[in-house]
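> Here's a structure for you.
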Amino acid sequence: MVTYRYRCSGCGSFDLALPMGQAAPERPCAECGGAARRVFTAPALGRAGSPLSRARAAQEASAHEPRVVTRSAEPRRPAPPSDPRHAKLPRP
Ligand SMILES: [Zn+2]
């Protein structure tokens with residue numbers, strides 16, 4: 001079974017699980033019975049546990065569920081040079 005997505009102009013999109021190759025370009029809408037057109041989406045290839053997909057999921061989630069931080073994200077300034085002669089060197 002493959003999940004196909006259809007979109008009804010009135011009700012929005014819905015998913016249907018159909019045998020592979022059985023997806024018609026149009027199907028009756030699950031809610032109103034009107035014509036719903038097939039929408040082509042990226043295939044779910046079962047790589048949900050891979051490090052890449054976990055990183056993508058975390059990045060996606062951070063867009064709408066940002067982590068609460070307790071300290072500033074600004075980088076710390078480097079410590080002043082401990083050798084007093086370094087203070088006389090020209091600064092960029
Ligand atoms: Zn509909």
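> Restricting attention to region 12-34, and to residues there that are part of a loop (DSSP other than H, G, I, E, B) and open to solvent by less than 60 Å² (accessible area, probe 1.4 Å), which single residue is nearest to the ligand (Cβ to nearest atom)?
Here the answer is Cys29.
> Kindly list, by first and then second residue, each pair from a residue in region 1-12 that is farther than 12 Å from Gly34 by Cβ to a residue that is polar (S, T, N, Q) and away from the ligand (no atom under 14 Å from the Cβ), limited to pairs with Cβ atoms under 7 Å and residues at least 6 apart or on different chains.
Sorted first by the residue in region 1-12, then by its partner, the pairs are Arg5/Thr41.
The values are calculated or read from the model by the stated rules, or taken from the named source; none is laboratory data. Predicted model only: the values in this text are computed from it and were never measured. Glycine gets a Cβ as well: all are built from the backbone with ideal geometry, and neighbour counts include every protein chain shown. Each accessible area value is taken on the protein alone, full model and side chains, heavy atoms only, with ligands, DNA and RNA left out. Shrake-Rupley method; radii C 1.70, N 1.55, O 1.52, S 1.80 Å.
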